[in-house]
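Peer 1: I'd like to ask you about the structure that follows.
The values are calculated or read from the model by the stated rules, or taken from the named source; none is laboratory data. Everything numeric in this text was worked out from a predicted model, so none of it was measured. Quick reminder, even Gly has a Cβ in these numbers, built from the backbone with ideal geometry, and neighbours come from all protein chains shown. All accessible areas refer to the heavy atoms of the entire protein, side chains included, with ligands and DNA or RNA removed. Shrake-Rupley method; radii C 1.70, N 1.55, O 1.52, S 1.80 Å.
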Amino acid sequence: MKKNEEHSEYFRILQDHYRTSMPVLQESFLASLLTRKLTSQQIEEKSMNYDIQLRGSQYVVALIALYPTEESKEYSSSLLRQSRGVDYMIQAVLNRTREVWDINSLGKVFIYQESIALLAIDNGQHKEHWFSIMQAALSDVLEQIVQELKLNVTIGVGSRVSDIADVHHSYRETLIALDYRLVMGSKKVIYFHNIEDYESEQLRFDELKGQALRNSLKMGTAEELSDAVDTIFDELFESNFALQDIQIYLFEVLTVILRTAKEADIDLDGLLGTSIQLHAEMYRLPGLREAKRWVFDICIEMMRKISSQRKHVYKDIVEEAIQYTKDHFMNPDLSIQEVCSFLHISTGYFSRVFKKEVKLTYGQYVMHIRIEAVKQMLRLTELKASEIADRVGITDPKYLGFCFKKHVGISLTEYRSRITESLVKYE
């Protein structure tokens, strides 16, 4: 008797566990319809086991994909704070969608990989108007999510299939339709059969666009960078291009950015984060306008990094040049060519960098160093003008006198006399 009671209790526990697990099992089964080829017999058996009605004359799969904006992130953060960790953003979309779907008796709605999957089933209730009713319901769902929940979503819709075992074909088409948000924009219902309207017109990322982008990243202003990005994207907004052509075009843009970063020795992991993969991130963008903003934001950060790094390089070059000049100014053959040979850079590049940092040409700076050395010798020694000239790298004493008066305003003799008078006065 006791054994029978234990067996009954065990069986009851199993039943309770199966009953509480049923929603999870149902969703897992529905998800398997989207991704695996199941036979009609397997589907029928599982439908009976999980108490799911799937009989119909035609089926369509739709997928609601979320692309959070700053506004939607703020809204969802507020919901998350109220929900003790439950993901209300997904749940809110699920609830709104299920309400519309159930009112119209259209089929099943469930969460699938952070998206909302809709399985529309024509069970004969709506007859020939079924597809139109489904389209209206999808438009209603989109409007509620965008207007009331303030979420940025796109709904991809596959083609109709007549066998439940073929709904995985319709699902694959929803993914292709969703990819076309890059072309058609977000906050839309995109039907797979409509994307054929996007013909492959001639689209080419030419060298001029790439060069303009490279130049603006390396040496340009924010305005020049904005103009370069505008030029890159204007063509995309003007005509209808095939998704693959646009993706290749944007890949080429990203390649220019990555190559420029490598040439400038920019650490992309430090700039964007170690988890960021630019090509993968592009696939997550909800539309071309968002793609343009994303590309510009990456470029503006890179431009700032290159500019900061360039200033650091400039500073190092100038500091080395200054130290070399202080060590060798007494050499009458000291020249810009000699310094550039020491630094292993071109004279043109060095001249621009030095003038930018010091506000003097290199020749003016050398003369400044020599004049300061002359002043010190006049104050501290009794050396003659010819001896001083020889020690500061100016072989002609007359030329030294000319340069000194030009820079200081008085002659060598007068400068020494004033120094002497000043010392006598304070003795």
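Peer 1: For Val24 and Leu258, what is the calculated FRET efficiency with R₀ set at 51 Å and r taken between the beta-carbons, to the nearest 0.05?
Peer 2: Efficiency for this residue pair is about 0.75.
Peer 1: Next question. Filter the GluC sites (Glu not before Pro) in region 91-166 to those in DSSP coil with at most 13 other Cβ atoms within 10 Å of their Cβ, and list the result. Intermediate results must be reported in sequence, preceding the final value.
Peer 2: Values: sites: Glu99, Glu114, Glu128, Glu143, Glu148; in loops: Glu114.
Qualifying residues, ordered by number: Glu114.
Peer 1: What value, in deg cm²/dmol to 500, does the helix sum -39500 (n - 2.57) over DSSP H runs of n ≥ 4 give at 222 nm once divided by the residues of the chain?
Peer 2: Result for the chain, helices only: -21500 deg cm²/dmol.
Peer 1: Which is farthest toward the positive dipole end of the chain among Leu400, Ala177, Cys340, measuring Cα position about the Cα centre, with Cβ charges +1 (Lys, Arg) and -1 (Asp, Glu)?
Peer 2: Leu400
Peer 1: Could you give log10 I(q)/I(0) at q = 0.14, 0.21 Å⁻¹ for region 212-331, computed by the Debye formula over C-alpha point scatterers of equal weight, without solvent?
Peer 2: So the normalised log intensities work out to -0.65, -1.21.
Peer 1: Could you tell me the calculated FRET efficiency between Lys398 and Asn215, based on Cβ-Cβ distance and R0 = 56 angstrom, to the nearest 0.05?
Peer 2: The pair Lys398/Asn215 has a calculated efficiency of 0.70.
Peer 1: Here's a follow-up. For region 303-427, with only Lys/Arg (+1) and Asp/Glu (-1) charged at the beta-carbon, what is the dipole magnitude about the Cα centre, in debye rounded to 20?
Peer 2: Numbers: 21 positive and 15 negative charges, 155 e Å.
That gives region 303-427 a dipole magnitude of about 740 debye.
Peer 1: Ignoring ligands, DNA and RNA, what accessible area per residue does region 361-427 give at 1.4 Å, in Å²?
Peer 2: The answer is 66 Å² per residue.
Peer 1: Another question, then. So how tilted is helix 40-49 from the main axis of the chain? Cα-based, degrees 0 to 90, rounded to 10.
Peer 2: 80
Peer 1: Okay, moving on. For the ranges 303-312, 179-188, 213-222, what's the packing order if you count other beta-carbon atoms within 10 Å of each residue, average per peptide, and put the highest first?
Peer 2: 179-188, 213-222, 303-312
Peer 1: How much of Glu235 can a 1.4 Å solvent probe reach, expressed as accessible area in Å² and rounded to 10?
Peer 2: For Glu235, solvent-accessible area is about 50 Å².
Peer 1: Return the whole-Å distance between the Cα centroid of region 280-316 and the Cα centroid of region 100-125.
Peer 2: Measuring centre to centre over Cα atoms gives 41 Å.
Peer 1: State which entries of Lys356/Lys406; Lys150/Lys305; Lys46/Lys187; Lys311/Lys398 exceed 31 angstrom in Cα-Cα distance in the structure shown.
Peer 2: Lys150/Lys305; Lys46/Lys187; Lys311/Lys398
Peer 1: Give me the dipole magnitude in Debye, nearest 20, for the chain about the Cα centre, with unit charges on the beta carbon: positive for Lys and Arg, negative for Asp and Glu. Intermediate results must be reported in sequence, preceding the final value.
Peer 2: Details: 52 positive and 62 negative charges, 341 e Å.
It comes to approximately 1640 debye.
Peer 1: Let me ask another. For region 208-222 and region 30-51, what is the separation of their C-alpha centers, rounded to whole Å?
Peer 2: Answer, in whole Å: 55.
Peer 1: Sticking with this one: Going by a ≥ b ≥ c, the root eigenvalues of the Cα gyration tensor, does region 138-251 fall in the rounded group (a/c under 1.5), the prolate group (a/b larger than b/c) or the oblate group?
Peer 2: On the way: a/c = 3.33, a/b = 1.88, b/c = 1.77.
Note, shape of region 138-251 comes out prolate.
Peer 1: If I compute log10 I(q)/I(0) by the Debye sum over Cα atoms at q = 0.07 Å⁻¹ from the structure I just sent, which labelled value in [x] -0.60; [y] -0.46; [z] -0.36 lines up?
Peer 2: The listed entry that was calculated here is [x].
Peer 1: Oh, and also: Report the FRET efficiency, 1/(1 + (r/R0)^6), for His368 and Glu421, where r is their Cβ-Cβ distance and R0 is 41 Å, rounded to 0.05.
Peer 2: On the way: r = 26 Å, r/R0 = 0.62.
That gives a FRET efficiency of 0.95.
Peer 1: Here's something else I'd like to know. Using the Cα centre of region 275-332 as origin and beta-carbon charges of +1 (Lys, Arg) and -1 (Asp, Glu), tell me which of Trp294, His328, Ile306 is placed farthest towards the positive end of the dipole.
Peer 2: Trp294
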